[in-house]
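Values in this text are rule-based calculations from the coordinates and carry no lab data. All values reported here derive from a predicted model rather than from experimental measurement. Counting neighbours? That spans all protein chains shown, and the Cβs are built from the backbone with ideal geometry, glycine included.
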Ligand code: SF4
């Protein structure tokens, strides 16, 4: 785990939307008290299915919407949450969108999309900015750069467009990049190239990434730490390899059991019931209780807290008791794995 101060810190961040249907007004609790940290040179994945709150979290950090509670700190300073983000914040925090087809203007050449932020947010003159565009194209693997810069978006593949989007984000030397499912609309064959590019940027430029995805396999590949979101709450957090090797929360196990593996899944699929979480009335118990194959009566009555388990790991489940977890010893390497406590 990184010991440097966090670039980004969320403290109890919440977002409730108001939904009007005719005369009735309902509140939708999209995000509930999320804590999260991203350090320089670290990739943190926020994983969950549709409606888990991961995109809402990203929109809050990008300052595209205001939270209803909690705090957001950037480099240790509180970010004002009820006003427009400062130019400094918008320069330091860049966004890569999910859809590389919609994020570029079809009437402009690819080079223009990177030139514009350079002219707007840096002191470079036109000739220096043009040269920098070519440098950035080379850095993201668009070579020969001059040829790609002269193309229009329809003359580039999805992967090439996403590389332009990354070059555009890099143009202003950001310290944090918010990546919103950046590979989900790309062919499987070119996804790994984009993920490798993000890993190289983290390593070579010490950029922090908040990586939003529904895909645990890509989180395992790229992220240092992973937070699993369900119904607007973090239900498990751990170092990514540890989380994938030994998922503790029933929802994480459910997500992981659905990831296809060559030669079969490592976990047998859980017999979870289907159904979306109720974000309008989360109730007093565990949000996952209606679907959870492990649920007991207490789960329906009492909401579990997110309990720290040591080593940066935490989980929100009544059946996971920190005192009963046996953690691997760094020296022996033969300790028993972490496990769910089967006490009912
Ligand atoms: Fe399942 Fe209960 Fe744990 Fe919730 S608290 S995840 S319902 S076992």
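Things to note:
- Value at 222 nm in deg cm²/dmol, rounded to 500, when DSSP H runs of n ≥ 4 in the chain each add -39,500 (n - 2.57): -8500 deg cm²/dmol
- Given their separation in residues at 0.36 nm each and the Cα-Cα distance between them, residue 126 and residue 206 gain 26.0 nm when the chain is fully extended.
- Beta bridges per DSSP with both ends in the chain, % antiparallel, nearest 5: 60
- The alpha carbons of region 187-228 occupy a box of 26, 25, 12 Å along the principal axes, longest dimension given first.
- Placing dummy labels 7 Å off each Cα toward the beta-carbon, the span from residue 214 to residue 17 is 1.5 nm.
- Volume of the convex hull of region 1-88 (Cα atoms only), normalised per residue: 110 Å³.
- Summary of packing: across the peptides 189-202, 246-259, the per-residue average of other C-beta atoms within 10 Å ranks them, highest first, as 246-259, 189-202.
- Euclidean distance of C-alpha centroids, region 193-262 and region 4-76, integer Å: 17
- Across region 162-189, no residue has a backbone nitrogen under 16 Å from the label position 7 Å along the beta-carbon direction of residue 152.
- Helix axis angle, 158-170 relative to the chain longest principal axis, alpha carbon, degrees: 80
- Extension gain for the segment residue 24 to residue 65, taken as residue separation times 0.36 nm less the Cα-Cα distance, is 12.4 nm to one decimal.
- For the chain, the relative contact order is 18 percent, taking Cα pairs closer than 8 Å that sit 6 or more residues apart in sequence and dividing their mean separation by the residue count.
- Value of Rg to Rh for region 101-233 (Rh from inverse mean 1/r over Cα pairs, i.e. Kirkwood): 0.98
- In this calculation the C-beta distance from residue 172 to residue 259 is compared with R0 = 41 Å, giving a FRET efficiency of 0.70.
- Helix 126-139 axis, angle to the chain major axis (alpha carbon atoms, nearest 10°): 50
- With a Förster radius of 22 Å applied to the beta-carbon distance between residue 239 and residue 82, the computed FRET efficiency rounds to 0.05.
- Sorted from longest to shortest, the spans of the Cα atoms of the chain along the three principal axes equal 69, 59, 36 Å.
- Here is the P(r) of region 70-159: all C-alpha pair distances, binned every 10 Å from 0, give 14, 38, 29, 16, 2 in whole percents.
- In Å, descending, principal axis extents of the Cα set of region 13-148: 56, 37, 27
- As a rough footprinting exposure proxy, the listed residues 123, 15 were ranked by other beta carbons within 10 Å of their own, and the order from fewest upward is 123, 15.
- Cubic angstrom per residue, convex hull over Cα atoms of region 174-247: 99
- Relative to the longest principal axis of the Cα atoms of the chain, helix 188-205 runs at roughly 80 degrees.
- Highest-first arrangement of 163-173, 294-304, 59-69, where packing means the average Cβ count within 10 Å: 163-173, 59-69, 294-304
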